[in-house]
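Read the structure below first, then the notes.
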Amino acid sequence: MAVNIHRKTAETDINLTLDLENCKKPEISTGLPFFDHMLYAMAFHGKFHMSIQASGDLNVDPHHLVEDTGLVLGQALLKSFKDKGAINRYGNGKIPMDDSLSEVVIDVCGRPYLVYNVQFPQEMSGNFANFLFKEFFQALVSEAKINLHLISHYGENSHHISESLFKASGIAIEYAFRKTGENGTSSMSTKGVI
């Protein structure tokens, strides 16, 4: 089932559609080509459809757009979970890309927490400042209410590190948010509630 989220502020305007059950080709346009490339890789390798049309005050700084995209994607993931009911809850992905190896682990637990163990050898990938990826994932975690661990085990090329992280994130999302067939979320926790 597709989830649509629209967020408009004085700084950004973002329309996002997320369908975790549909592997239709992603459609991403944020005005930040490297960011588009990463989001496309996430959806493609996670085998889900994501459409993002975003604009913002890039003349000021890309930070607002990157962070707000994370907020909107997090809201869409939370709504997807609420619409589905019981899901796998846990998911992980581990992706090598040439010199790099990245691992992503998710717990859909209702408690937002980010562990970001990532170092970039190069500050920039094209015109994109790599430190902004932490802002994206922090925003996503806060709105999706998930526990997310992103680990770059090693790598010499920042492009390869970020791409392997986004691919691994897509795989982890696809598995964690997969519906189990249970009738309620009580099966997801020994406490009986998430």
Inset, instruction - With the condition kept exactly as written, say whether any residue in the range 172-187 is of a type in the set (A, V, I, L, M, F, W, C) and over 16 Å from Leu73 (Cβ atoms). - result: no
Inset, instruction - Under 9 Å between Cβ atoms, at least 6 apart or on separate chains: pull out the pairs that start in the range 88-112 with a residue that is touching a residue at least 24 places away in the same chain (Cβ under 8 Å) and surrounded by fewer than 16 Cβ atoms within 10 Å (Cβ to Cβ) and end on any residue that is among the aromatic types (Phe, Trp, Tyr) and part of a loop (DSSP other than H, G, I, E, B). - result: Asn88/Phe177
Legend entry - Within the range 45-59, tally of residues that are in contact (Cβ under 8 Å) with a residue 40 or more places away in the chain and either farther than 18 Å from Ser80 by Cβ or in contact with a Leu (Cβ under 6 Å, 6 or more places away or on another chain) (or both): 5
Legend entry - Matching residues in the range 141-179 - criterion: being over 15 Å from Asp107 (Cα atoms) and among the hydroxyl-bearing types (Ser, Thr, Tyr): Ser152, Tyr154, Ser158, Ser162, Ser164
Legend entry - Among (1) aliphatic (A, V, I, L, M); (2) out of contact with any Asp or Glu (no Cβ under 8 Å at 6 or more places or on another chain); (3) more than 22 Å from Ile95 (Cβ to Cβ); (4) in contact (Cβ under 8 Å) with a residue 60 or more places away in the chain, the one test that Leu39 misses: (3)
Inset, instruction - State which residue is nearest to Lys145 (Cα to Cα) when the search covers only the range 118-132 and only residues that are free of Cβ contacts under 8 Å to residues at least 60 places away in the same chain and surrounded by fewer than 18 Cβ atoms within 10 Å (Cβ to Cβ). - result: Phe131
Inset, instruction - Determine which member of the set Glu163, Glu156, Glu174 is part of a loop (DSSP other than H, G, I, E, B), in contact (Cβ under 8 Å) with a residue 24 or more places away in the chain and either at negative phi or among the basic types (Lys, Arg) (or both). - result: Glu156
Legend entry - From Val60, Val72, Val115, Val141, residue being over 18 Å from Lys167 (Cβ atoms), at pLDDT 95 or above, of a type in the set (Val, Ile, Thr) and surrounded by fewer than 16 Cβ atoms within 10 Å (Cβ to Cβ): Val115
Legend entry - Considering residues of the range 144-175 that are surrounded by fewer than 23 Cβ atoms within 10 Å (Cβ to Cβ) and among the hydrophobic types (A, V, I, L, M, F, W, C) only, the residue nearest to the chain's Cα centre (by Cα): Ile171
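The values are calculated or read from the model by the stated rules, or taken from the named source; none is laboratory data. Being a predicted model, the structure only gives us computed values, none of them experimental. Positions of Cβ are generated from backbone atoms using ideal geometry, with glycine treated the same way; all protein chains shown enter the neighbour counts.
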